[in-house]
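Just so it is clear, none of the values below were taken in a lab; they were calculated from the coordinates. As the structure is a computational prediction, the values presented were derived from the model and not from experiment. Every residue, glycine as well, gets a Cβ built from its backbone with ideal geometry; the counts of neighbours run over all protein chains shown.
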Amino acid sequence: MSSHSHDSKLSRRRFLVIGAGAVAAVPLASVVGSLKAYAQEGDKLAEDNPQAMALGYKHDATEVDTGKYPKRAGDAGAKQFCHNCNLYKGAEGDEWGACSIFPGKLVKADGWCNAWVPKAG
Ligand code: SF4
């Protein structure tokens with residue numbers, strides 16, 4: 001066996017070790033990616049979903065019955081939207097985003113429900 005073939009065997013082994021590391025990194029990235037895709041392509045919450053109705057959810061926060069939900073009444077109430085709710089997971093600028101109150105569903109950035117809490121920070 002020449003020293004040349006010994007070297008190439010070594011470098012091949014090193015390549016395989018590095019390759020295994022790279023392969024291990026891929027599944028994590030693809031899981032994160034598919035989770036993100038799932039959230040983006042999840043079902044949009046229907047206003048007549050029983051839980052949405054129980055919380056007075058509306059796609060358009062300005063349509064909320066403030067007589068029934070005084071929390072959204074007045075100047076301070078009028079500033080409440082899903083996009084500035086602490087339970088909203090959508091990215092800034094997205095029209096729809098996930099919400100911890102409605103797992104697997106997307107709520108509208110301009111929406112509102114009675115579980116609204118100010119964004120922390
Ligand atoms: Fe919107 Fe917040 Fe209600 Fe979720 S909890 S639907 S983000 S107002």
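For this structure, a couple of remarks:
- Label-point separation, Lys68 to Ala54 (7 Å along Cα→Cβ), nm: 1.5
- Label-point gap, in nm, between Asp94 and Ala76 - each point 7 angstrom along Cα→Cβ: 2.9
- Within the stretch 50-90, trypsin sites (Lys or Arg not before Pro) in DSSP loop having at most 13 other beta-carbon neighbours inside 10 Å: Lys68, Lys79
- Potential extension, Asn114-Lys44 segment - 0.36 nm per residue separation minus Cα distance: 23.4 nm
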